[in-house]
Amino acid sequence: MDRQIFSTIGYVSLAFLSILCILPFILIISSSLSEESKIVLEGYQFFPTDFSIEAYRILFKYPDQLIRAYSVTLLVTAAGTLIGLFLTAMTAYCLSRRDFKWRNQFSFFFFFTTLFSGGLVPWYLLMVNYLHLKDTPMALVIPMLLNVFYIIVMKSFMSNIPEAIVESAKIDGAGDFLIFIRLILPLAKPALATIGLFLALGYWNDWYHALLFVSNENLMPLQYYLYKMLGNMDGMRKAMMGSGAVVTTALPTEGLKMAMTIVASGPILIAYPFIQKYFVKGLTIGAVKG
């Protein structure tokens, strides 16, 4: 009886929390389909009273630019996530090996970068003047390839893999790289899925590096494209208000923000259910031991 009561309370609590998580998405969808004047006068509503698709009409006014921005973001996200996962896993594997003589020294060097950095100006000069990465796709990929926190999580996960597996493979004549590819990576799928999701989210939502290093419109990622569009809308709105024009219905700024949120977050929401089981397992196991 006590178990049934506990299960009932648990299911009711989870259902309540699920509703709380879904309500913001309903609010975003409803607001993106509402008249700008209604949002300004009455605020955001869960159900659109005056239906309008003006925000989506403006957002898809130049579909070729939007598709190009989507393509750049997809390519950068895919390349950055795959390369970043491989480098993170390989670094974590080296640091987790007890027979690696300099692992403590290298761990300190990685940790040191979380406390101090060279600053924005030296970093910008390095990327532009020395590496010559301005207006190249690699300017969007390289800055986020390695994250010390992800390396620590992966290292903690790989430290739990029994040493006997590595030793038996060495007895059979396998080298370190073959062991890493054939044995370690398949066993680290939960941690790879967890860190892969974090990396993909970081690349997908990144607009700051495009602001710094990209001036070519053909290399503009989705988030930066939407950021510039919203900035142009705000500029037009202020200019029209300065001239005394009525802009509450002409420029659906608030509705456009919500429409941009839906367009930008859609692929991530679709991909998340497929890696959810790995995400939960990898996050919990990787955080138990340090």
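No lab work stands behind these numbers, since they all come straight from the coordinates. Note that the coordinates shown come from a computational prediction; the quantities given were computed from them, not determined experimentally. In this analysis, Cβ positions are derived from the backbone assuming ideal geometry, glycine residues included, and neighbour counts consider all displayed protein chains.
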Rank the residues Glu35, Glu217 as a footprinting-exposure proxy: fewest other Cβ atoms within 10 Å of their Cβ go first. Glu217, Glu35
Mean projected area, convex hull of alpha-carbon positions in the chain, reported to one decimal in nm², is 22.5 nm²
Per residue of segment 118-128, what does 6.51 cos²θ - 1.76 cosθ + 1.60 with θ = phi - 60° give for ³J(HN,Hα)? Whole Hz please, x for Gly and Pro, Karplus curve as stated. x, x, 5, 5, x, 5, 4, 4, 5, 5, 8
Anchor Lys38: aspartates and glutamates whose Cα lies under 15 Å away (excluding residues fewer than 8 positions away in-chain): Asp50, Glu54, Glu254
Please give every one of the aspartates and glutamates within straight-line cross-link reach of Lys189, meaning a C-alpha to C-alpha distance under 20 Å, and leave out same-chain neighbours fewer than 8 residues apart. Glu163, Asp176
Please compute the net charge surrounding Ile9, taking Lys and Arg as +1 and Asp and Glu as -1 over other residues with Cβ under 13 Å from its Cβ. 0
Mean ellipticity per residue at 222 nm, deg cm²/dmol - from DSSP H runs of n ≥ 4 across the chain, formula -39500 (n - 2.57): -23000 deg cm²/dmol
In the chain, if the dipole is taken from +1 on Lys/Arg beta carbons and -1 on Asp/Glu beta carbons about the Cα centre, which of Tyr44, Asn160, Gly119 is farthest to the positive end? Asn160
For segment 50-141, calculate the relative contact order in percent as a whole number, restricting contacts to Cα pairs under 8 Å that are 6 or more residues apart. 27 percent
With the chain treated as a Gaussian network of Cα nodes joined by springs under 10 Å, which of Ser18, Ser31, Ser215 yields the largest mean-square fluctuation? Ser18
For Ser18 and Ala79, compute 0.36 nm times the residue count separating them, minus their Cα-Cα distance, and round to one decimal in nm. 18.7 nm
Counting only backbone N atoms under 15 Å from a point 7 Å out along Cα-to-Cβ of Ile165, the residues of segment 191-218 in range are 191-193
At 7 Å along Cα-to-Cβ for each site, give me the label-to-label distance between Phe60 and Leu183 in nm. 5.3 nm
Mean Cβ-within-10 Å packing, highest first, puts peptides 150-161, 166-177 in the order 150-161, 166-177
Sequence-distant residues sharing a close amide H with Ser34 (under 5 Å, placed H): Ser52
